[in-house]
Every structure is written in structure tokens, then in C-alpha cells.
1. Where does the charge balance sit around Lys86 when Lys and Arg score +1, Asp and Glu -1, over other residues with C-beta under 12 Å from its C-beta?
2. Any idea what % of Cα-Cα pairs in region 35-89 are farther than 13 Å?
3. For Leu94 and Phe57 in the same chain, what is the full-extension length gain: residue separation times 0.36 nm, less their Cα-Cα distance, in nm?
4. How much length, in nm to one decimal, is gained on full extension between Ile67 and His79, taken as 0.36 nm per residue of separation minus their Cα-Cα distance?
5. Suppose each label sits 7 Å from its Cα in the direction of the beta carbon; what would the Lys106-Tyr38 distance come out to in nanometres?
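A short reminder: the numbers here are calculations on the coordinates, not readings from a lab. Owing to the predicted nature of the structure, the values given are computational and were not obtained by experimental measurement. Note that each Cβ is placed from the backbone with ideal geometry, even for glycine, and that neighbours are counted across all protein chains shown.
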Amino acid sequence: MNGNYYQNPTFPTIDSNNTFESGYEAGQLSDMPMQQSYIENILRHNKGKKVRAYVSFPDSNEWKDRIFEGTIEQAGRDHLIIRDPKNGHWYLILMIYLDYVEFDEKIDYSEKGYIMG
């Protein structure tokens, strides 16, 4: 139907030795190295730092583009929580609206604590 334009999805399989194609045993997936380049992990490593979060709300006429300033309090897979010490407001920002984050200091980027900037 798709004229071979789109590749059919493939999924990992477990063979008779109870191992995944990747070579990890089925019970040891938690031992796989964690990717640290995901945005939420970078933000989590920089908890407590002052930031400006640039956010776009494409379906809103009133709040098209906003900048939220404050300190990173928490970061999750789908959200960022910033506290603005100037006015005491807390902001819960959904990652789908986040364009980019600007830091005022060096960024802790990796799991080993390397500092960028």
C-alpha cells in the first residue's frame, strides 16, 4: 500500500536464550547506560540555576511567545518547573511548548559532571 516508501517498523525480539538482539539479557535492561543528552536530563542536572525559558504557544493569540525567568526547581520528561524569585510565581511549562533555555552560568551537561561554557 505504501509503495515501499515507508519502512515497516521492527521491534526487538527475544531468542531462545532469553536475550534481546542487542545482546542484553531480558532481565538486565536497567543495566543499559542512560542517555544524558535528553533535555529533561540536562535541565535536571542544572537544577537551581537561573534560566530564561523561551516558550511558544502556537494556538494562542494572547500568549504566542513568552519568556519565563527564574530558577529551575524540577524537570521531568514532559515538563519544567521554574520559580521566579522576583515575584514568587511558580511556572509549570510543558516541554512541547519549550523552544529553548538560556542559562546565565555554565551548564552541567553530562552524567560525569562535565561543565560546558
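1. Details: positive: Lys50, Arg83; negative: Glu69, Asp84.
Charge balance near Lys86 sits at 0.
2. On the way: 931 of 1485 pairs.
Summing the P(r) of region 35-89 above 13 Å gives 63 percent of all pairs.
3. Numbers: separation 37, 0.36 × 37 = 13.32 nm, distance 1.03 nm.
Once the chain is fully extended between Leu94 and Phe57, it gains 12.3 nm.
4. Numbers: separation 12, 0.36 × 12 = 4.32 nm, distance 1.54 nm.
That pair, Ile67 and His79, stretches by 2.8 nm at full extension.
5. Distance between the two pseudo-spin positions: 2.7 nm.
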